[in-house]
Every structure is written in structure tokens, then in C-alpha cells.
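This report refers to the structure that appears directly beneath it.
The values are calculated or read from the model by the stated rules, or taken from the named source; none is laboratory data. Quick caveat: nothing in here was measured; it's all calculated off a predicted structure. So basically every Cβ, Gly included, is an ideal-geometry build from the backbone, and we count neighbours across all protein chains shown.
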Amino acid sequence: MKHRLILMLLIICLCLQSGCGNKIELNKLGIVSAMAFDLDESNQWIVTFQIIIPQASQGQSGTASSQSPVSVFSSQGKTVLQAIQNQELETPRRLFFSHNRAVIISRRVAEYGVDSILDFFLRNIETRENVDILLSDGEAKNVLEVLTPMETLPGNAIANLINEKRDGMSNWVPSKIHDLIVTLAKPAAGAALPEIKISGNKEETKSLDAFKETRSPAVLKIDRFGVFKQGKFAAWLSRKESAGIPWLTDRLNSTTVVFSCEGKRPKDKDSSFSVESSRTRIMPKFSDGRLSMSVDVDAKGILFETPCELDLKKPAILRQLEKQIQEQIKNDMERSFQAVKKVKADILGFGDAFHKAYPREWKTWSENWDNEFAKIQLDINVKVTIRRTGMINDSFSKMSGKNK
């Protein structure tokens, strides 16, 4: 009898524990695909949300629809959390952040500081730290209002600009929330975020009429680098000035190097070298009271395009082209390093390398690392290997005799 009573109590307890007492139905959730952060004139936070409309986003991208695939709205508050909570005053659904793909911050926010935003992402159990974070020179909320015909959800389009199919276009370094957190947590380190901008007439892309045209009136575009110093925006780096950063930081997967080869008319036309793999090794040095950094790059790839009237079957000719490519890569790296030195922001991670190599001296250097970083001498060594020249050896212009 006693055993039966215990068994019955166990069964009752199991029944009471089953089910989802705190469940929330999907049709009660507002799924966030992208967020934007702005500040008004009184430094109040304006948080903008791009919410997925499920019934409108189920169709294929680019097809006509009577409803936008997303809804965009903003809320305001003295703190980030208050601004987010104030959305409850104007939306009937509870926001769900786990599917968020991108975060856009305005330049004004970057100049003010991003600590509050990062603090929110660290504390909230729904937010993900592998979300892409980008910088806008204007109001960040405008970026979320642009409809993208090639992608049903604009938030996915923003993330795909950074992460998908970057072969030959990786002249920038993608930045995730966790990358920015780790970097800014180091007192002597600087950070860099890619800029996203609206190219064209953004007003016409707010309407579904944008899906009816073969050419979109405006597109989202990745452009410059925004440099952060001591957790705040410090300066812009142009695409040309930032081209060497992936080489210097060993974060380059593939890219295209455009160079001039030696021929009859070396400056009239350029050639393209497609980098398939690369590796960068850095070695900090401290001698006679001076800091220097030795950078060794080993790159391999394919000669993808050339108008040069050269016999590419000869190894000596290939070595000649490799030297030209090496010089171009070296110039890109040196240009980026000089641009970063001018800002005095160590976005290259050199401080970590000197800290590991010279821990005792680092205690002194770290107190004034911005100025110490600007004094570093760079020694660049580049080795390029042309693995293949494609399906032909001679250029088409040489075979056709058009340059004779």
C-alpha cells in the first residue's frame, strides 16, 4: 500500500511538471531580422527594428507581392533597454531577437560610444554575439528601410553582403559583435567596422514598386572602414587605404590583386592575380630602444587576366610577374599601415604581439601605446607564387596580333 502511494505521488508530480508553462506562440512574436541604433539631439537612444512579416516573406525573392516582407518601426528611450521596451507601446507582438542578422550603428552613436549597445548584447539571453555589426555615416535606421529585390528579407541581404560569396572581394574584414567586444575590451587596442551606405535614391526603395523594376533605384553597398579609438569613432579609411589591412592581420581568404606587368605598354592595361590562399606571419622586434615589426606574407594563386605580350611558358617570365604582384601587395600594406599610424589606432593587433614577446617592457609601452604604435617601423617581405596561368599561356591580344 505504501509503495502504491509513493508511485501515485510520483505520477502526479510528473504530470504537474510536463508541458510548457512559459510558452509563447509563434504568432505572438515579432521576429527581428535587423536592428539599427541612432541618437537624437538630446542623446536619447532611437532603436529601429526590422520585423519579418511571415505571410509576405514566404514567396520567392523578387516576386510581386501586395505586402512588404518586413515592417520597420522605431522606439525611443534614455537607455538602450528602455528604448527597446518602449516598443511595447506601439507593437502588438513581443520582440524575438534570436534570428537577428545585422546591427547598424550611426556615426553619431559611434562618436558617442558603443558600450551601452555591447552591454545589452552581452546581458540579453536572446541576442546572439555572432551578429554582423556595421557603421553608417548617416542615420542608421535609413538602411533598414531599403527593400532589396534580390533578397526577400533586407536583414539577410545586409548579412550576405559581408559573409556570402566573398571570393575576390575580401578587401575588408567582417566584424561580428563578439569580435568588437573582444577588441574593445583591450585598453590598448583599436577596432574597425565596415561602412554600409545607400547608393542611389533611397526613397524609391521604400515601396514595393522597387520589385517591379529590372534595375533597383538604390542598393546597399559596403564602402569604407570606420576606425575606433578608445571605444569611439576616430576616422574613416578609404577602400584604397584599407586594402592592406586583411594582409597585415592575416584575415584574408581570397582577393584580386591588380598590377602592371612589364611589356611594351605596361601602364596602358592592368593584369589580375586571383589569390587562392595566403598566410601572414608577424614578428615584433625591440632593439636600441626602437620598435619594429617584421611582416612575412606568402600568397599563392592564379593569373586570371592579362594583356601582357609575354611568353608565360617561360619560368623566368612568371618570376618577373610574381615580383610585380609582390610589389603591389607590399604597396597596399604600406599604405594601410601609414593611414592607421596617422590615426594612432592599433587596429592591426600589433599591441598583442609586443605584449607576448616583451611582457616586461609592455607595462611601460601600454601606458602610452597610441604614440608608441605610431613610431613602429614596418619591414614587409612578400612571396607570391603563380600556380597556374589558366587555360591559355599567351594573352588573347598577343594571339590575335592586335597590338602589332
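From the list VAL103, VAL109, which residue is at pLDDT 90 or above and closer than 21 Å to LEU29 by Cβ? Explain how you work it out, then say what you get.
Values: VAL109 fails: closer than 21 Å to LEU29 by Cβ.
Matching residue, one of VAL103, VAL109: VAL103.
Would you pick out the residues in the range 109-131 that are among the β-branched types (Val, Ile, Thr) and surrounded by fewer than 13 Cβ atoms within 10 Å (Cβ to Cβ)?
The one that is among the β-branched types (Val, Ile, Thr) and surrounded by fewer than 13 Cβ atoms within 10 Å (Cβ to Cβ): ILE125.
Within the range 216-237, is there a residue that is at pLDDT below 90, part of a loop (DSSP other than H, G, I, E, B) and either surrounded by 21 or more Cβ atoms within 10 Å (Cβ to Cβ) or of a type in the set (Ser, Thr, Tyr) (or both)?
yes
Condition check ((1) in the same structural domain as LYS232 (by TED's automatic domain parsing); (2) more than 25 Å from the chain's Cα centre (by Cα); (3) closer than 25 Å to ILE181 by Cβ) across all residues:
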residue: ASN331; (1), (2), (3): no, no, no
residue: SER336; (1), (2), (3): no, no, yes
residue: ALA353; (1), (2), (3): no, no, yes
residue: GLU361; (1), (2), (3): no, yes, no
residue: ASN368; (1), (2), (3): no, yes, yes
residue: GLU372; (1), (2), (3): no, yes, yes
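For the range 76-97, how many residues are touching a Ser or Thr at 6+ places or on another chain (Cβ under 8 Å) and in contact (Cβ under 8 Å) with a residue 12 or more places away in the chain?
Within the range 76-97, residues that are touching a Ser or Thr at 6+ places or on another chain (Cβ under 8 Å) and in contact (Cβ under 8 Å) with a residue 12 or more places away in the chain number 8.
Checking the conditions here, which among THR364, THR385 is out of contact with any Ser or Thr (no Cβ under 7 Å at 6 or more places or on another chain), in a helix (DSSP H, G or I) and hydroxyl-bearing (Ser, Thr, Tyr)? Don't jump to the end; show me each part of the working.
On the way: THR385 fails: in a helix (DSSP H, G or I).
On inspection, the qualifying residue turns out to be THR364.
Out of ASP270, ASP296, ASP288, ASP311, report the one residue that is surrounded by fewer than 18 Cβ atoms within 10 Å (Cβ to Cβ), in contact with a helix residue (DSSP H, G or I) (Cβ under 6 Å, 6 or more places away or on another chain) and not basic (Lys, Arg). Break it down stepwise before answering.
Values: ASP270 fails: in contact with a helix residue (DSSP H, G or I) (Cβ under 6 Å, 6 or more places away or on another chain); ASP296 fails: in contact with a helix residue (DSSP H, G or I) (Cβ under 6 Å, 6 or more places away or on another chain); ASP288 fails: in contact with a helix residue (DSSP H, G or I) (Cβ under 6 Å, 6 or more places away or on another chain).
Going through ASP270, ASP296, ASP288, ASP311 in turn, just one is surrounded by fewer than 18 Cβ atoms within 10 Å (Cβ to Cβ), in contact with a helix residue (DSSP H, G or I) (Cβ under 6 Å, 6 or more places away or on another chain) and not basic (Lys, Arg): ASP311.
Please find, among GLU322, GLU309, the residue that is under 21 Å from PRO246 (Cβ atoms) and either over 24 Å from the mean Cα position of the chain (by Cα) or assigned to a helix (DSSP H, G or I) (or both).
Details: GLU309 fails: under 21 Å from PRO246 (Cβ atoms).
Exactly one of GLU322, GLU309 is under 21 Å from PRO246 (Cβ atoms) and either over 24 Å from the mean Cα position of the chain (by Cα) or assigned to a helix (DSSP H, G or I) (or both), namely GLU322.
Does the range 166-187 contain any residue that is at pLDDT 80 or above, more than 17 Å from the chain's Cα centre (by Cα), more than 25 Å from ILE52 (Cβ to Cβ) and small (Gly, Ala, Ser)? Please lay out each step first, then the result.
If we filter the range 166-187 for residues that are at pLDDT 80 or above, which is where we start, we get 175-186.
Filter once more, so that each one left must be more than 17 Å from the chain's Cα centre (by Cα): 185-186.
Filter once more, so that each one left must be more than 25 Å from ILE52 (Cβ to Cβ): 185-186.
Checking which are small (Gly, Ala, Ser) leaves us with 185.
Checked the range 166-187: at least one residue is at pLDDT 80 or above, more than 17 Å from the chain's Cα centre (by Cα), more than 25 Å from ILE52 (Cβ to Cβ) and small (Gly, Ala, Ser).
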